[in-house]
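The values are calculated or read from the model by the stated rules, or taken from the named source; none is laboratory data. Note that the coordinates shown come from a computational prediction; the quantities given were computed from them, not determined experimentally. Here Cβ is always computed from backbone atoms with ideal geometry, including for glycine, and neighbour counts include all displayed protein chains.
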Amino acid sequence: MKQNNQGMMLAVRVSLVCNAILFIIKAVTLVIVDSLAVAADLGISVIALGVSAFLYYAIKMSNKPADTFHNYGYGKIENVTEAIEGVILIGLAVAMSFQAFMHIIRVGEINSPLVGFIASIAGVAINFWGAGYILKLGEKHASPALRAEGLHFRLEGFISLSITLSFALVILFNYLGLLTTAKYVDPVATLIVSVIITVPSVNLLRKAFMKLLDASIEETGQMDIVKVLVSHFDKYCNFNNIKTRSAGRKRFVDINLIMPDHLSVKNAHRIASAIKDDLKSSMAESEVIVHIEPCVKDCAFTKDNRKCPYAE
């Protein structure tokens, strides 16, 4: 557990450092180039820097053990981080779209597009490297907050790529003498960036919202539960009332097992413990509760007057 926490905190530190470097690059570029697309990209970096700082706090808090006031721990704060990031990015996309339309109505000229082109290439490299590194650790530790941050970096990488292409077009149009056309590239690129931001941000917010509403765990996790139960099918009569939920990277499973009525409490508990251990082994960062209920003899064997296969 301690090693997992160290790996997650390393990912957060990488996020903070990368976002700080990107912020400096984009701030200097904006002063030189005076581009709406760069200004929008800088706004994203400001948000990303703030989210990275909050992510640092969220990961530390999510690692706290359950207590009297939070019986299931603090894992939900990772889902809150996802939701906050989604809301902020959607708001930024709306503001960027408004500014882009205003600049289409009243176009301006970009200064030093070559500087913007070089700075955007640097942004592409940093964002895609950061995305790969953070997503790898996010998958390793099953952290929704780290996955959201990794997707954010990847998103910024595509945004920087689109801005790089827009600066390349401006340089090309200026070289060809199409100065009026070159002035429209910046606001159009900003609109494209807004669309790129909106779609994944809405999906991110939707998924985070569903988790905050205690939606069941993902389908693969549910199949893991079924596989474990099937592997022990000859030790219990039936199972029912399976309930699952997630809190950040932690998953909670609650199952009812129907045991043969002749089975002793000690043996029933031994079987339930074995199933519980297998479930926890198949799902990392999970807490499992197995309830034991005696058979009430309402099965097909009893109705057909057949011998119970679990009878001694």
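Tabulated data for the structure shown
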item	result
Whichever residue in the stretch 274-306 is of a type in the set (Ser, Thr, Tyr) and without any contact (Cβ under 8 Å) to a residue 12 or more places away in the chain and, among such residues, is surrounded by the fewest Cβ atoms within 10 Å (Cβ to Cβ)	SER281
Looking only at the stretch 120-161, and only at residues there that are in a helix (DSSP H, G or I) and polar (S, T, N, Q), the one that is farthest from MET210 (Cα to Cα)	SER120
Test result for PHE252, modelled with pLDDT of 80 or more, aromatic (Phe, Trp, Tyr), more than 23 Å from the chain's Cα centre (by Cα) and not in a loop (DSSP other than H, G, I, E, B)	no
One residue from VAL188, VAL199, VAL195, VAL226 being touching a Ser or Thr at 6+ places or on another chain (Cβ under 9 Å), exposed (fewer than 15 other Cβ atoms within 10 Å of the Cβ) and among the β-branched types (Val, Ile, Thr)	VAL195
Single residue of the stretch 255-276 satisfying the filter (of a type in the set (Val, Ile, Thr), assigned to a helix (DSSP H, G or I) and under 38 Å from the mean Cα position of the chain (by Cα)) that is farthest from PRO144 (Cα to Cα)	ILE271
Residue list for the stretch 219-248, restricted to those being touching a Lys or Arg at 6+ places or on another chain (Cβ under 9 Å) and of a type outside the set (Val, Ile, Thr)	GLY221, ARG245, SER246, ALA247, GLY248
Single residue of the stretch 202-235 satisfying the filter (under 30 Å from SER35 (Cα atoms) and in contact with an Asp or Glu (Cβ under 8 Å, 6 or more places away or on another chain)) that is modelled with the highest pLDDT	LEU205
Of residues in the stretch 82-124 being small (Gly, Ala, Ser), surrounded by 15 or more Cβ atoms within 10 Å (Cβ to Cβ) and closer than 14 Å to THR198 by Cα, the one modelled with the highest pLDDT	ALA83
